[in-house]
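**Q** One structure coming up, written as structure tokens, with questions to follow.
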Amino acid sequence: MKKALVALVAWVLLAPMLALVGVGVLVNPAVTNQAMCIASGVVLGPVPDELEVSTADGATFTLNRQQLTHAATIIETGARTPGVGRDGILIALMAALTESTLRQLANTGAYPESGEYPNDGNGSDHDSLGLFQMRPASGWGTVAELMDTGYQARAFYGGPDGPNYPSPRGLLDIPGWQQMDKGEAAQAVEVSAYPDRYRNYEPTARTILQALTTGGSSGGGSGVPGDADIPETTALVFPLSNGTYTHTSDFGWRSDPFTGERSFHAGTDWAAADGTPIFALADGVVTYAGMVGGTSGQITIEHTIDGERIASVYIHMWAHGIHVQAGDRVIAGQHIGDVGSSGRSTGPHLHFQLHPGGAGASPVDAIPWLADHGVEGLDAPTSGGPGCAF
């Protein structure tokens, strides 16, 4: 017990340096949020003390702060995992609601030592443990690992950097999961004897995600509703003036400039002098403008382009270099901010992301998207230069 608590405390102390959020019973992710980047565009807000939710079959119940803190861990982990996006987070919440009602369950019948770790009660489903009822015998992890909510969330999402890769498969390891019914996708990971029960919790998961993220009904949101009227843009404008920038880093897998480890870069970096004007890509509505985690300046704008919702994200401005606020309507080419080097940045530059489907969807490579849409001003990439660690 003492060793587990010491490990958790040590992890929390290291979290700001790793740009992660604390997990489990001991940490409130909303309080310790040190976000430097949000790969999916999903930004966690305050965790409410309770939240009333309903299932598809009409059952209504109230989630307490402990359960919502576990939900926040799932959301924050998914937000930082490239390729997950808002849909993947919804699937993970559906799975955890179905398997444990968002409770971190020990199983002292199968593993007496599991009761020594922080938990929300005792389960008895074979040798299953935790939020997602993962089984050590199936290769999901050790008892100690599975009694860590953050580990369980990472294992559920999976992918090449998941702790269980390549087997058992997490969500990112399921071919075509994005096109599946969300209940089917949850079942593909959980491999449950009751495959149809996950769908019942989809409206519950949506309520939680809306409430716990910025722009939500109780999340202290700084955005606009997802169904807000955003007219078709009248123009597309490259976010930096010709001759003011250099293309220094591409979208995709690369070596982290701080750690040297392989990591996913969710945007495109263009180096420019500190204070260089940044322009809105298109007409739209600002859904976020401020310092993420108090450290990294970010502006998110939702647009309608060719009939599709698109979010553009601009990162690393200094606080004084942000010239719009959430709720503002902007036009293509409007001066919205200035290049800076806030957050985990190696020098002044604009980190730019595009999210077809909106801010909650996964980002795509901006270069071919901009080229396909006739946006001019694309410099050829260089061998490197100022960039960021995400």
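**Q** Could you order peptides 136-147, 87-98, 231-242, 279-290 by the average number of other Cβ atoms within 10 Å of their residues, highest first?
**A** On the way: 136-147: 18.1, 87-98: 26.7, 231-242: 15.7, 279-290: 23.8.
Top to bottom by mean Cβ count within 10 Å: 87-98, 279-290, 136-147, 231-242.
**Q** Give the Kirkwood hydrodynamic radius (Å, one decimal) of the stretch 240-284, defined as one over the mean of 1/r across all pairs of different Cα atoms. List each step's numbers first, then the result.
**A** On the way: mean 1/r = 0.0808 Å⁻¹.
When all Cα pairs of the stretch 240-284 are included, the Kirkwood radius is 12.4 Å.
**Q** First select every other residue whose beta carbon is under 15 angstrom from the beta carbon of His316; then total the charges, Lys and Arg +1, Asp and Glu -1. Let's see the in-between values first.
**A** Working: positive: Arg344; negative: Asp269, Asp274, Asp338.
Within the 15 Å Cβ shell, the charges total -2.
**Q** Calculate the tail of P(r) for the stretch 284-340: the fraction of all Cα-Cα distances greater than 17 Å, expressed in %. Provide the component values of the computation, followed by the final result.
**A** Values: 500 of 1596 pairs.
That fraction is 31 percent.
**Q** Grab the alpha carbons of the stretch 105-176, take their convex hull, and tell me the volume per residue in Å³. Present the calculation step by step, with values, prior to reporting the outcome.
**A** Working: hull volume 5.5 nm³, N = 72.
Output value, Cα hull per residue: 77 Å³.
**Q** Leaving out ligands, DNA and RNA, and with a 1.4 Å probe, what % of the accessible surface on the stretch 59-150 is carbon or sulfur? Before the final figure, lay out the partial values.
**A** Details: 1290 of 2890 Å².
Roughly 45 percent of what the probe reaches on the stretch 59-150 is carbon or sulfur.
**Q** Here's something else I'd like to know. Would you mind putting 366-378, 255-267 in packing order, based on average other-beta-carbon counts within 10 Å, highest first? Intermediate results must be reported in sequence, preceding the final value.
**A** Details: 366-378: 14.3, 255-267: 16.2.
Answer by packing, highest mean first, reads 255-267, 366-378.
**Q** So, one more: Measuring from centroid to centroid over Cα atoms, what is the spacing of the stretch 158-202 and the stretch 72-141 in Å?
**A** Between the Cα centre of the stretch 158-202 and that of the stretch 72-141, the gap is 13 Å.
**Q** Any idea what diffusion coefficient the stretch 246-390 gets from Stokes-Einstein, in µm²/s, Kirkwood Rh on alpha carbon pairs, 4 °C, 1.567 mPa s? Display every interim value, and only then the final one.
**A** Working: Rh = 15.1 Å.
Stokes-Einstein gives a translational diffusion coefficient of 86 µm²/s.
The values are calculated or read from the model by the stated rules, or taken from the named source; none is laboratory data. Predicted model only: the values in this text are computed from it and were never measured. Glycine gets a Cβ as well: all are built from the backbone with ideal geometry, and neighbour counts include every protein chain shown. We work out accessible area using only protein heavy atoms, side chains counted, and drop any ligands, DNA or RNA first. Shrake-Rupley method; radii C 1.70, N 1.55, O 1.52, S 1.80 Å.
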